[in-house]
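This report refers to the structure that appears directly beneath it.
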Amino acid sequence: MLKNTVMSLPDKFMVFLGRTFSGHNHDYSMLKQELPPDLDWFTDINVRVDLGYLGMQADYRGDQIDMPTKKPRKSKKNPSPELSAEQKAAKKVLSQVRIFVEHAIGGMKHYNILVHTFRNRIKNFEDDVIGVCAGLWNLVLSY
């Protein structure tokens, strides 16, 4: 399984596609390799991420980094942890916006080379394949 860092607009247009990693890498560690935290990457844009990027608000500068609230763990002091009604509402609004990125990734998967097992051994060829599929997807969206 291959994984990328993907950034897209609400109209599913892909604006950034990171390097390809094997499926055993965490989303946040891939982001830190692609976009090092010591630079101002997200100061002027609104970023919406899922809980796979926990810690991003502390490491990256930017006041527009939106992340859902994590449900508290079950413990003896808190036997039935729940989010408040406003936390649930905020989480729902955030997921309704983030779904466009998932749709953009799904649109790229219309090209079967990304769906089936990739057996090519040419170095960095998977980056080229995903880049071409993202470009074709953007071309489809522009017409």
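The values are calculated or read from the model by the stated rules, or taken from the named source; none is laboratory data. Fair warning: this is a prediction, and the values are worked out from it, not measured in the lab. Cβ sites come from the backbone with ideal geometry, for glycine too, and all protein chains shown count toward neighbours. Heavy atoms of the whole protein, side chains included, go into the accessibility calculation; ligands, DNA and RNA do not. Shrake-Rupley method; radii C 1.70, N 1.55, O 1.52, S 1.80 Å.
Points worth noting:
So that you can scan it fast, the table gives a plain yes or no per residue for (1) assigned to a helix (DSSP H, G or I); (2) in contact with a Lys or Arg (Cβ under 7 Å, 6 or more places away or on another chain):
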| residue | (1), (2) |
| --- | --- |
| Arg61 | no, no |
| Pro79 | no, no |
| Ser95 | yes, no |
| Arg98 | yes, yes |
| Glu102 | yes, no |
| Arg119 | no, no |
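- Per the conditions (1) over 16 Å from the mean Cα position of the chain (by Cα); (2) farther than 19 Å from Val15 by Cβ, the sole criterion not satisfied by Tyr28 is (1).
- Take the conditions (1) under 19 Å from the mean Cα position of the chain (by Cα); (2) at pLDDT 85 or above; Leu114 misses just one of them, which is (2).
- Lone qualifier among Pro68, Pro10, Pro37 - being open to solvent by 80 Å² or more (accessible area, probe 1.4 Å), touching a residue at least 12 places away in the same chain (Cβ under 8 Å) and in contact with a helix residue (DSSP H, G or I) (Cβ under 8 Å, 6 or more places away or on another chain): Pro10
- All positions within the stretch 21-34 that are open to solvent by 80 Å² or more (accessible area, probe 1.4 Å) and part of a loop (DSSP other than H, G, I, E, B): His24, His26
- Considering each residue of the stretch 21-31 in turn, none proves to be touching a helix residue (DSSP H, G or I) at 6+ places or on another chain (Cβ under 9 Å) and over 22 Å from Glu102 (Cβ atoms).
- The set of residues in the stretch 48-65 that are touching a Phe, Trp or Tyr at 6+ places or on another chain (Cβ under 8 Å) and open to solvent by less than 80 Å² (accessible area, probe 1.4 Å) comprises Gly52, Tyr53, Gly55, Met56, Tyr60, Gly62, Gln64, Ile65.
- Qualifying residue in the stretch 76-88 (condition: under 24 Å from Phe42 (Cβ atoms), open to solvent by 80 Å² or more (accessible area, probe 1.4 Å) and out of contact with any Leu (no Cβ under 6 Å at 6 or more places or on another chain)): no
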